[in-house]
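The values are calculated or read from the model by the stated rules, or taken from the named source; none is laboratory data. Computed from a predicted model, the values in this text were never measured in an experiment. All Cβ positions, glycine included, derive from the backbone under ideal geometry; neighbour counts span all protein chains shown. Ligands, DNA and RNA are stripped out before the accessible areas are found, and what is left, the full protein with its side chains, is counted by its heavy atoms. Shrake-Rupley method; radii C 1.70, N 1.55, O 1.52, S 1.80 Å.
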Amino acid sequence: MPSFSNTSSISLPKRLYTLAEIALASLLLAGLGSMLPGLVASAANWWLAAGFYVVMGALVVSFWPHGPLGWANRVTLGRGILVAIVAGALAANAFTNAIWLWLAVAVIALLLDGVDGWIARRTKTHTSFGARFDMELDAVLILILCIGLLQSEHLGAWVLLIGGMRYLFIAASWPFAWLKAPLFESFRRKAVCVWQVVALLLALTPLTSPFTAGLLALSALVTLSYSFGFDVWWLFKQHKCQTSSAAD
């Protein structure tokens with residue numbers, strides 16, 4: 001997950017409070033992993049799941065400035081634990097032997113996406129950090145599903161573009177700063193994101209033939225490319241307009 005903000009001025013006690021919550025939540029990861037031996041079947045699965053959680057926890061501690069996480073962020077952290085298990089199951093292709101369970105955990109993690117937002121709205125604790133935390137988990141889960149599709153269906157490395165396109169966009173914004181400008185709210189963007197997830201989940205089910213899985217993945221890539229292309233074109237137009245105005 002990319003950095004959320006500059007938090008160099010955060011006091012150490014608040015960092016320690018957040019770290020304590022992260023450490024306590026790791027017990028849930030250990031418990032769920034033990035209850036799902038089909039997904040966390042070997043030391044490699046444990047190491048990958050734990051590594052994912054450690055990186056996520058370190059980022060949360062670094063960029064959350066308020067100590068206690070609050071219930072909305074705790075639910076998001078719970079989603080992160082599920083995503084860690086989904087990621088861990090990629091090691092040694094363990095997920096292929098428990099594909100329905102793997103997909104069920106992924107779906108639960110996706111469904112909880114609406115719960116943390118609802119809690120944030122009801123408790124009036126919505127923050128830019130929470131929204132970003134939520135979004136980054138969605139993005140990395142989609143990338144994990146793409147890796148799973150690559151490993152299980154052997155469709156080719158092009159499927160990684162579905163989950164990797166957002167990160168390519170972020171990388172492109174480093175040399176082209178105009179790509180960092182805020183985008184307008186878009187139903188198109190949300191619809192494409194939903195289809196992206198649905199297409200990947202359908203493609204990964206054992207009931208789907210390799211040919212159909214390829215078509216579903218291709219449809220996700222095409223619609224996503226169109227959505228990103230439209231946003232890049234719009235941002236470029238805005239940049240050109242601002243440049244022209246500044247020159248005048």
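I need the Kirkwood Rh of the stretch 70-209: take the reciprocal of the average 1/r across all distinct C-alpha pairs and report it in angstrom. Final number for the Kirkwood radius of the stretch 70-209 is 16.2 Å. Derived scalar couplings between HN and Hα for the stretch 22-33 equal 4, 5, 5, 5, 5, 5, 5, 4, 5, x, 5, x Hz in order, rounded to whole Hz, by the Karplus curve 6.51 cos²θ - 1.76 cosθ + 1.60 (θ = phi - 60°), x for Gly and Pro. Here the Gaussian network model covers the chain, with springs between Cα atoms less than 10 Å apart; of GLY80, GLY114, GLY38, GLY114 fluctuates the most. Here are several values of Kirkwood radius over Cα pairs in Å: [x] 18.0; [y] 19.9; [z] 19.4. Which one was derived from the coordinates shown? Label of the calculated value: [z]. Taking 0.36 nm per residue of separation and subtracting the current Cα-Cα distance, fully stretching the chain between LEU27 and TYR226 would add 67.5 nm. For the stretch 183-231 versus the stretch 111-135, the spacing of their alpha-carbon centroids is 24 Å. Residue-wise HN-Hα couplings along the stretch 203-217, as the Karplus relation 6.51 cos²θ - 1.76 cosθ + 1.60 with θ = phi - 60° gives them from phi, are 5, 7, 5, x, 6, 9, 5, x, 5, 5, 4, x, 5, 5, 5 Hz; Gly and Pro carry x. What does the net charge come to around VAL198 if you take all other residues with beta carbon closer than 14 Å to its beta carbon, with K and R at +1 and D and E at -1? Every neighbour counted, the sum reads -1. Over the chain, what percent of the accessible surface lies on carbon and sulfur atoms, probe 1.4 Å? About 72 percent, which is the carbon plus sulfur part of the accessible surface. Accessible surface computed residue by residue for the stretch 179-248, with neighbouring protein chains in place and a 1.4 Å probe, gives 62 Å² per residue.
Each label was represented as a point 7 Å from its Cα along the Cα-to-Cβ direction; for TRP100 and TRP178 these points are 5.3 nm apart. Extension gain, THR205 to LEU161: 0.36 nm times the residue separation minus the Cα-Cα distance gives 13.8 nm.
A Förster radius of 30 Å, combined with the Cβ-Cβ distance separating LYS240 from ALA131, puts the computed FRET efficiency at roughly 0.55. Counting every pair of alpha carbons in the stretch 1-126, the share spaced more than 24 Å apart comes to 31 percent.
Extension gain for the segment ARG121 to ALA191, taken as residue separation times 0.36 nm less the Cα-Cα distance, is 23.0 nm to one decimal.
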